[in-house]
Amino acid sequence: MMTLIPAIDLMSGRCVRLTKGDYAAKTEYDTSPVDMAKAYADCGITRLHLVDLDGAKARRPMNLAVLEQICTATTLDVEWGGGVKSTDSLRNVLEAGARYVICGSIAVDDESLCMEWLSVYGADRIILGADVRNGMISTHGWQKDSSVELPTLIEKYMQRGLRQVICTDISRDGMLQGPNIGLYQSILQRFPGIELTLSGGVSSMHDLQVAAQAGVHHAIVGKAIYERRITLEDLRVWSQNE
């Protein structure tokens, strides 16, 4: 059964959602991140996707206090993304309580450092964050488009032991138009050994059922929850059936 991973995106310690990664297209929600995390844990959710949007811009984690509060208040396994550009930042995130660290821009900008982290911290702690626009990897909070193709990036890190990949289709993120299932099927077909997380576009429980049938291991759900297209009760029922 596919694991559902609710997403909390942070700016200035608050829950927000962006559309297609556009910082100017921000919706702020009147719910504290810690309260949201507690609600997810109460539904049987075991894993949380926590993104530091301030950190992605500042190139260093900026919302570690929220991470610490969530890890103190719940038993959720938190995967952290945003601002991890140095070993010190990585260490700070892990010490604040994160179970996993997502390497996005750094995986393109400094391959040797990211490879070192894989070796030192292990493939069970390091996740490759592959954010895709038109088949190419985007970096720096989706503000820059690289010349690196998605399969090239995954293959390079798999050769060094990588096992977990979060792939975000930027064109679908925050649009509530359904995920690009074909994209994830193609990744699974090419890299059958990868543990794949879908991100971007989930709008309903039907979307999640289709993704599960396609063989996706995990799915990140964000805006659909805030907009009440997927309810906490939906999460509870799914978690009970995992």
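The values are calculated or read from the model by the stated rules, or taken from the named source; none is laboratory data. Everything numeric in this text was worked out from a predicted model, so none of it was measured. Don't worry about glycine lacking a Cβ; one is built from the backbone with ideal geometry, like all the others, and counts go over all protein chains shown. Remember, those area values only see protein heavy atoms, side chains included, never the ligands or the DNA or RNA. Shrake-Rupley method; radii C 1.70, N 1.55, O 1.52, S 1.80 Å.
Here are the numbers for this structure:
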{"read-out": "Residues of region 203-224 classified as modelled with pLDDT under 95 and either farther than 22 Å from residue 51 by Cα or touching a strand residue (DSSP E or B) at 6+ places or on another chain (Cβ under 9 Å) (or both), total", "value": "2"}
{"read-out": "Selection within region 146-162 - touching a residue at least 40 places away in the same chain (Cβ under 8 Å) and assigned to a loop (DSSP other than H, G, I, E, B)", "value": "160, 161, 162"}
{"read-out": "Residues (among the acidic types (Asp, Glu) and open to solvent by less than 40 Å² (accessible area, probe 1.4 Å)) located in region 55-96", "value": "79"}
{"read-out": "Hits in region 163-173 - residues which are part of a loop (DSSP other than H, G, I, E, B) and open to solvent by less than 10 Å² (accessible area, probe 1.4 Å)", "value": "170"}
{"read-out": "Selection from region 198-242 of residues that are of a type in the set (A, V, I, L, M), open to solvent by 30 Å² or more (accessible area, probe 1.4 Å) and under 20 Å from residue 42 (Cβ atoms)", "value": "205, 232, 237"}
{"read-out": "Matching helices (runs of 4 or more DSSP H) fully within region 19-133 where at least 3 residues are among the β-branched types (Val, Ile, Thr)", "value": "64-73"}
{"read-out": "Any hit, region 196-213, residues being of a type in the set (Asp, Glu), in contact (Cβ under 8 Å) with a residue 40 or more places away in the chain and not in a strand (DSSP E or B)", "value": "no"}
